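K.L.:
Supplied in structure tokens, the structure appears directly below.
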Amino acid sequence: MEMAGMEAQTPPNRQDGEAFLQQLRATFAQMPNDIELLLFTDRMQDDVFAQANRQVIRAFRELTDRITLREYGLDHEKARELNVTVSPTLVIAPDKYNIRWIGAPMGEEARTFLELLILVGSGQSNASDQSLKVLERIDSPRNVKVFISPSCPYCPQEAVNGAKAAVARPDLISLELIDIQCRPDIAQQYSAHSVPVAYANEALIGQGAQAEEVFMSSLQKLEPQTIFIPDVDAEVVETDLTIVGGGPAGLTAAIYAVRSGLKTALVEADALGGQVALTPIVENYPGFTQVGGKTLVDIMVNHALEYVQIFQGEKVIDIKPGTPHEVLTTRRRFMTKTVLLATGASHRHLGVPGESRMSGRGVSYCATCDGPLFRDKKVIMVGGGNSAVTEALHLYHMGVDVTLVHRRDQLRAQEHLAKNLKESGIPVLWNTEVKDILGEERVTAVELVNNQTQELSTLPVDGVFLAIGYEPAVELAQKVGIELNEDGYIARDAKHRTNIPGIYVAGDVEGGYKQIVTATGMGSEAAMTIFEDLINPYWQQ
Ligand code: NAP
């Protein structure tokens, strides 16, 4: 069964909740293996995480009798036998695998848990052929730890990468999924101040969600890899349109293209939804007075999946223009008549000395993901736009002691957000810039300068959140020879056509107002142009 949110997703039939549960029941019933779960808890500290484990597992056990749960205290002989020392620890199918969940599969991680149960129950890793080839080369044990958080939309991808590896090579690969909200102390030990982050044999192998093959390659080499080139015999898929990027622009384009009758594929290396998935609350998308960014993304993705096949966790590494164009990913080759680049934007960096050194050690670009690690701690949020204010409010409501640092004396954020900020009482340091981020193992302070008085100061903090805008993600476009405009965005005509015939662009990567509603609008326009151009190709005239 293909899972929503994980790699090649096929359009489901229209189905209500009950039909989905029926499908799950049937999937569990057909699995070759029963799944034994062992929950270890400290009976003296029966916390919400232990209770959440029981609740989630009970919900699955109502669907199937193929799952059994036994619970033990940490002082039980079984805990000693399996070397379990941390509460709560969920041990999954110990007869065949070495997989543990420290914490509870809540929030975003419920999806990971379901996928994990299906992998274990089916005894199939679902890893790609390319990944399996890499895993076959591993010849010594790998103890993998992936730090995750229920509020992190990027985490399931990295957690499932670990699960696939552990199921594919149970002889050598063990996996611990560690929820940082439950066990911030273990996260602290590993200096894991940003999720997801993966270690193998105590070596860092990945920060952020990695494409599956990149993760496997990092696991094999025991150091983070940035690129994975597939074998020449990678699978070939033929399409009319291949969309690169699964944010609002790409998802909308996919809906329009398939409804026009175009054979379409969408490829997304990271989490679907782009920047929206990381926005705590959206208040200006028509039809929703207030909606969580991730919830809005889930609605869009489910809608798109009614139509299009989504290849998630698969990174496009090259495009060779031609007839057809060839889009090479970490896993396969798309031979496609047209390409739509909806690659969005990536975080702007401050460029101060300590920033990259402390990234993941207290410097974060995702308040939604990493905020829970800083509860009751002191942080600054840098920026004065909608993102900085929305995220500062999110941190504040989560119990983080946050101060906003802005380089001017006026916010760029909308009036409504500025008012909320004022009412919250979050302190603001106006006309202030960050000169450096200090710390050894983790962030301990920032050096600030008041740009009016030039006065320098050092502020002790545990974390630095950055929300200072975005840079268009144009690396791939530049590699292919696509022209940029003077602002660094992809240059295009009024119909979203780039300088290379048959290659189009939509969304934040073409500049303009960076709103969800404009991105969806651009996605639909581009798809309609592509449909018209394929009937009447302008490049043949
Ligand atoms: P933004 O609107 O570009 O704001 C960036 C902020 O960071 C500005 O206040 C800017 O200062 C500051 N900044 C930029 N470079 C800096 C540097 N090197 N050092 C210090 N400060 C720096 O970015 P954003 O807030 O991420 O928003 C991006 C887009 O998404 C916007 O179009 C925004 O409207 C949209 N968005 C919408 C929502 C929503 O509607 N719910 C939520 C989030 C984002 P200056 O003001 O001095 O230029």
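K.L.:
Given the conditions (1) within 14 Å of the ligand (Cβ to nearest atom); (2) under 20 Å from K378 (Cα atoms); (3) surrounded by fewer than 16 Cβ atoms within 10 Å (Cβ to Cβ); (4) not aromatic (F, W, Y), which single one is not true for G425?
P.N.:
Failing condition for G425: (1).
K.L.:
When you scan the range 209-225, do you find a residue that is touching a Cys at 6+ places or on another chain (Cβ under 8 Å) and either assigned to a loop (DSSP other than H, G, I, E, B) or not assigned by TED's automatic domain parsing to the domain that holds E525 (or both), even just one?
P.N.:
Filtering the range 209-225 for residues touching a Cys at 6+ places or on another chain (Cβ under 8 Å) gives 209.
Filter once more, keeping what is either assigned to a loop (DSSP other than H, G, I, E, B) or not assigned by TED's automatic domain parsing to the domain that holds E525 (or both): 209.
Yes, there is a match, as at least one residue in the range 209-225 is touching a Cys at 6+ places or on another chain (Cβ under 8 Å) and either assigned to a loop (DSSP other than H, G, I, E, B) or not assigned by TED's automatic domain parsing to the domain that holds E525 (or both).
K.L.:
Identify, from the list P286, P324, the residue that is out of contact with any Asp or Glu (no Cβ under 7 Å at 6 or more places or on another chain) and away from the ligand (no atom under 16 Å from the Cβ).
P.N.:
Numbers: P286 fails: away from the ligand (no atom under 16 Å from the Cβ).
Matching residue, one of P286, P324: P324.
K.L.:
A follow-up question, please. Could you please let me know if T330 is touching a helix residue (DSSP H, G or I) at 6+ places or on another chain (Cβ under 7 Å), at pLDDT 95 or above and β-branched (V, I, T)? Talk me through it step by step, then tell me what you get.
P.N.:
Details: touching a helix residue (DSSP H, G or I) at 6+ places or on another chain (Cβ under 7 Å): yes; at pLDDT 95 or above: no; β-branched (V, I, T): yes.
For T330, the condition - touching a helix residue (DSSP H, G or I) at 6+ places or on another chain (Cβ under 7 Å), at pLDDT 95 or above and β-branched (V, I, T) - is not met.
K.L.:
Please verify whether P248 is at pLDDT 95 or above, within 16 Å of the ligand (Cβ to nearest atom) and more than 22 Å from L340 (Cβ to Cβ), treating the condition exactly as stated.
P.N.:
Working: at pLDDT 95 or above: yes; within 16 Å of the ligand (Cβ to nearest atom): yes; more than 22 Å from L340 (Cβ to Cβ): no.
No; evaluated as a whole, the condition is false for this residue.
K.L.:
Kindly indicate which of V464, V446 is under 27 Å from the mean Cα position of the chain (by Cα) and within 16 Å of the ligand (Cβ to nearest atom).
P.N.:
Numbers: V446 fails: under 27 Å from the mean Cα position of the chain (by Cα).
After applying the criteria, what remains is V464.
K.L.:
Can you pull out every residue in the range 271-303 that is assigned to a loop (DSSP other than H, G, I, E, B) and surrounded by fewer than 22 Cβ atoms within 10 Å (Cβ to Cβ)? Step through it out loud before you land on a result.
P.N.:
At the first step, the residues of the range 271-303 found to be assigned to a loop (DSSP other than H, G, I, E, B) are 271-273, 279-280, 283-290.
Across the range 271-303, the qualifying residues are P280, E283, N284, Y285, P286, G287, F288, T289, Q290.
K.L.:
Residues in the range 511-519: is at least one in contact (Cβ under 8 Å) with a residue 40 or more places away in the chain and in a strand (DSSP E or B)?
P.N.:
The initial filter retains those residues of the range 511-519 that are in contact (Cβ under 8 Å) with a residue 40 or more places away in the chain, namely 514-517, 519.
Going one step further and asking which of them are in a strand (DSSP E or B), we end up with none.
No, the range 511-519 contains no residue that is in contact (Cβ under 8 Å) with a residue 40 or more places away in the chain and in a strand (DSSP E or B).
K.L.:
In the range 393-414, what residues are small (G, A, S) and either within 8 Å of the ligand (Cβ to nearest atom) or in contact (Cβ under 8 Å) with a residue 40 or more places away in the chain (or both)?
P.N.:
Start the filter on the range 393-414 by keeping residues that are small (G, A, S), which leaves 399, 413.
Residue satisfying the conditions is A413 alone.
K.L.:
Among the candidates D487, D493, single out the residue that is over 25 Å from the mean Cα position of the chain (by Cα), within 13 Å of the ligand (Cβ to nearest atom) and farther than 30 Å from P372 by Cα. Walk me through it before giving the result.
P.N.:
Numbers: D493 fails: within 13 Å of the ligand (Cβ to nearest atom).
Checking each option against the conditions leaves just D487.
K.L.:
If D376 satisfies all but one of (1) more than 14 Å from the ligand (Cβ to nearest atom); (2) within 25 Å of the chain's Cα centre (by Cα); (3) at positive phi, what's the number of the condition it fails?
P.N.:
(2)
The values are calculated or read from the model by the stated rules, or taken from the named source; none is laboratory data. These numbers come from a predicted model, not from an experiment. When we count neighbours, we look across all protein chains shown, and the Cβ atoms used for this are built from the backbone with ideal geometry, even at glycine.
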